[in-house]
Each structure stands twice: as structure tokens, then as C-alpha cells.
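Engineer: Before I ask anything, let me first share the structure, which is written out below as C-alpha cells.
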Amino acid sequence: MTGAYPSEVVRVICAVASPFIALFGLYVIAHGHYGPGGGFAGGVFVAVGAILPRLTLDERLAYRIFPPALGPLAAGVGMLLFLLVAVVPLFVGGAFLDYGAVTIAGMEPARVRYLGILVVEIAVGLAVFGAMLLIFDTITGRSER
Amino acid sequence: MIVPLDILLFITLIATAILALHVKDLLAATALLSAYSLFAALLFAGLSALDVALVEAALGAGLTGVLFIAAILATTRHSEPRTDPRRRLVVIPLIVAFVGLMLYASTDLPDRGDPDAPAHTGVATEYIERSLAETQTPNVVTAILADYRSQDTLGETLVIVTAALSASLVLARRRDEGEGTEATPADGGLGPDASDDAPGGRDRGGEERR
């Protein structure tokens, strides 16, 4: 399943393409305000960028770029980030997940909500990326326990 | 949307779904399921639901296929045919009844794009009118998903993370027991056939690769 693919064409194409797929994923996450996409789709693209080297490249190389421990770590960090953003408005008198209640000096509430959306998208992207990587590593028997 | 294209896509969609159920080779079934997701994504795009189409194309047509193939390589490639003929007597009437119920219910649905539909008279109008001013986000879908309805998104993210953690807890092998025996994810539960097939399935996968 995993490990170096015998055909050099496949190896080179995947090695060249996977960083761009991951980069497109980051673009989709960051660009959710203006176009289709957001955390879910972007996180999946980044995960594909991490899984493609595992399928085609030498194992030592692929697992050094994205180690198996990265999956649960990213999923947990993303989930925690989301919960943190959700809880912060409670301390300034707002409702759960009401980013607009947070006041930042020199910034109108709409701008704060804009930033809140951005943080949520990043958190969702991290969580989805981690979850997909963890599932793949589990199925291929490479997850650490 | 273009009506002839929609009809063609729907026919292809149903054909891939039926074929995926009928083929015995699970690898072919996975490829057909990916094709199904791709056609579904095209249909979503035709309805201008680009956010859904992007997720369907990335997740349904892309990553799910990879995960299924990984699962096939870890287990077996051939599906066992169901031998009990009495299953049909139960299953087919159930399916017919369910489809009939859905078709009956669909006659009550409002037309596509009907401005008086209940979905368009409630809070949706407020979102569309005010989201740009309130959140500075031109994409209404993102504003709804990550701001107005962010609790739903929180729940969805929680579901995905929980699913990954559960899969890891159930399937992951400890390092000490994974050395000698190749790919027996769980003792028992799968039955003797599955544990016999598991190493063979992995070997076959290796041969195809070469």
C-alpha cells in the first residue's frame, strides 16, 4: 500500500503535485470568505497533499515530512482552537460563539466577526486535516499508539 | 442549470450507483463510487451550490476512494455473494415502500427556485440581506456556516474528529502485537475467513503494484 512506487513517472509527478495540492488547500481555507470552500474542503485538500507522498514516495521521506503523530495532533489542536474561539465571547458578556461581542480596539464588530470566521475556518481545516490523516494512517497500520 | 445535461447526469448517477452495487470486484465498486460522487458534484455545481460541490469532489470523489482502497488492500478484494434468498423477500418490499414514500412526499415539495417556499421566507432572507454588512464576508455560505450557524459547524467538526479517533481506537494495532502477524487488525470478530484473507489481500496488492 504505502512505500515507494516502482514507476519513476508516478513518483516524480506525485512529488511535484502534492505540495501544490496542499497549497491549494491552504488557499481554499484562507479564501472561504470570497469563494467556494472553507475549512472542510481545504482541510481535505491539505490531507490529500500529505497522503499522496505516503502512497508513492519512499516511506522514510514521506513519514518525515508528515509524521503519523501529526494527525491526532492537528485534529486536537483544531478542535481546541474552535472551542477556544467559541468560549472567548462568554467572558466579555456575549453568547456562545458570538464573535461580534468581542471588542478589539480600532475595529468595528463586523471586522471582528470577519476575523472570527477566519479563525473558525482555520480550526476546522486543521481538525479535518488531522482526522483524515489519522484515518488513513490507521487503515494502513501506521498510526502510533 | 441545463435541463438535458441534468437529465444525462441523473441517468449516469443512477447507473453508477446500481453498477457499484452489482460488481463483485470491490476495487471496481470503489472506482464507481468515486465516479458517482463526481457526477453528484457536477449536479451540485449545476445548482450553483459550489461550496457543496467542492466538498463532494474533494471528499467524495477523492479522499474517500483512497480510504476505501486502503481498506481493501488491508482486507480482501472480493465481495461474498449473499446466499440467503429470503433476504430479497424482506429487502425489496422495504426499498419499494421507502421509494414510494419519498416520491409521495416529494409531491408536496415547493418548486425549485420558488420565492414563496418556506425555506426562503424565514430567516434566510435576513442572512442574505445582512451578512455582508454584519460580517464583511461576501460569500453568504461561509458567513452562515462559520458565523450565524457556527454551532452546527462545531458539531460537525466534533463528529469528524470523534469518527477519526474511534476508527483509530478500534483498528490501530499495538506495536508489540503487529510485528509477526501481518495485518490482522482484530482477533476474532472478523471470523477465520477474514484473518486468512488479510495477509493474502495485502500480498496481492503488492503484486499489482509491481
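The values are calculated or read from the model by the stated rules, or taken from the named source; none is laboratory data. What you see is a predicted model; the values in this text were computed from it and never measured. Using ideal geometry, Cβ is built from the backbone for each residue, glycine included, and neighbour counts are taken over all protein chains shown.
Engineer: Report the residue count in region A:53-108 for those that are surrounded by fewer than 18 Cβ atoms within 10 Å (Cβ to Cβ) and within 9 Å of another protein chain (Cβ to nearest Cβ).
Structural biologist: Count: 4.
Engineer: Quick check on region A:109-145: of everything there that is within 7 Å of chain B (Cβ to nearest Cβ), assigned to a helix (DSSP H, G or I) and charged (D, E, K, R), which residue is nearest to A:VAL48 (Cα to Cα)?
Structural biologist: Checking each candidate, the answer is A:GLU121.
Engineer: Quick check on this structure: which one of B:ARG175, B:ARG210 is facing chain A (nearest Cβ under 10 Å), farther than 29 Å from A:GLY43 by Cβ, out of contact with any helix residue (DSSP H, G or I) (no Cβ under 9 Å at 6 or more places or on another chain) and at pLDDT below 85?
Structural biologist: B:ARG210
Engineer: Going by the conditions given, is A:GLY39 touching a Gly at 6+ places or on another chain (Cβ under 7 Å), of a type outside the set (A, V, I, L, M, F, W, C) and within 16 Å of B:ILE144 (Cα to Cα)?
Structural biologist: yes
Engineer: Another question about this same structure. Taking helices (runs of 4 or more DSSP H) that fall entirely within region B:1-63, which contain at least 1 residues that are acidic (Asp, Glu) and within 27 Å of A:GLY43 (Cβ to Cβ)?
Structural biologist: Details: elements: B:3-22, B:26-46, B:50-55.
Per the criteria, B:50-55.
Engineer: Quick check, is B:PHE44 in contact with a helix residue (DSSP H, G or I) (Cβ under 9 Å, 6 or more places away or on another chain) and more than 20 Å from A:GLY39 (Cβ to Cβ)?
Structural biologist: Here the answer is no, as B:PHE44 does not meet what is asked.
Engineer: Let me ask another. Before we move on, is A:LEU133 closer than 25 Å to A:VAL46 by Cβ, buried (at least 24 other Cβ atoms within 10 Å of the Cβ) and of a type in the set (A, V, I, L, M, F, W, C)?
Structural biologist: Against the criterion (closer than 25 Å to A:VAL46 by Cβ, buried (at least 24 other Cβ atoms within 10 Å of the Cβ) and of a type in the set (A, V, I, L, M, F, W, C)), A:LEU133 qualifies.
Engineer: A:GLU121 - would you say it is charged (D, E, K, R) and within 13 Å of B:THR153 (Cβ to Cβ)?
Structural biologist: Yes.
Engineer: What number of residues in region B:96-131 are acidic (Asp, Glu) and either touching a strand residue (DSSP E or B) at 6+ places or on another chain (Cβ under 6 Å) or closer than 17 Å to B:ALA143 by Cβ (or both)?
Structural biologist: Residues that pass the stated criteria total 2.
Engineer: Return yes when A:ALA47 is closer than 19 Å to B:LEU63 by Cα, at the interface with chain B (Cβ under 9 Å from one of its Cβ atoms), among the small types (Gly, Ala, Ser) and out of contact with any Pro (no Cβ under 9 Å at 6 or more places or on another chain) and no when it is not.
Structural biologist: yes
Engineer: Restricting attention to region B:133-164, which residues are within 19 Å of the chain's Cα centre (by Cα) and surrounded by 14 or more Cβ atoms within 10 Å (Cβ to Cβ)?
Structural biologist: Residues satisfying the conditions are B:THR153, B:GLU156, B:THR157, B:LEU158, B:ILE160, B:VAL161, B:ALA164.
Engineer: Kindly indicate whether A:ALA17 is touching a helix residue (DSSP H, G or I) at 6+ places or on another chain (Cβ under 9 Å), at the interface with another protein chain (Cβ under 9 Å from one of its Cβ atoms) and among the aliphatic types (A, V, I, L, M).
Structural biologist: Spelling it out, it is not the case that A:ALA17 is touching a helix residue (DSSP H, G or I) at 6+ places or on another chain (Cβ under 9 Å), at the interface with another protein chain (Cβ under 9 Å from one of its Cβ atoms) and among the aliphatic types (A, V, I, L, M).
Yes or no, residue by residue, for (1) part of a helix (DSSP H, G or I); (2) without any contact (Cβ under 8 Å) to a residue 24 or more places away in the chain; (3) more than 18 Å from A:VAL128 (Cα to Cα); (4) hydrophobic (A, V, I, L, M, F, W, C):
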| site | (1), (2), (3), (4) |
| --- | --- |
| A:VAL9 | yes, yes, yes, yes |
| A:CYS14 | yes, no, yes, yes |
| A:PHE40 | yes, no, no, yes |
| A:LEU55 | yes, no, yes, yes |
| A:PRO72 | yes, no, no, no |
| A:VAL77 | yes, no, no, yes |
| A:VAL87 | yes, yes, yes, yes |
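Engineer: From the list A:ALA123, A:ALA75, A:ALA69, A:ALA105, exactly one residue is out of contact with any Asp or Glu (no Cβ under 8 Å at 6 or more places or on another chain), over 26 Å from B:ALA133 (Cα atoms) and of a type outside the set (Lys, Arg). Which is it?
Structural biologist: Testing whether each residue is out of contact with any Asp or Glu (no Cβ under 8 Å at 6 or more places or on another chain), over 26 Å from B:ALA133 (Cα atoms) and of a type outside the set (Lys, Arg) leaves just A:ALA75.
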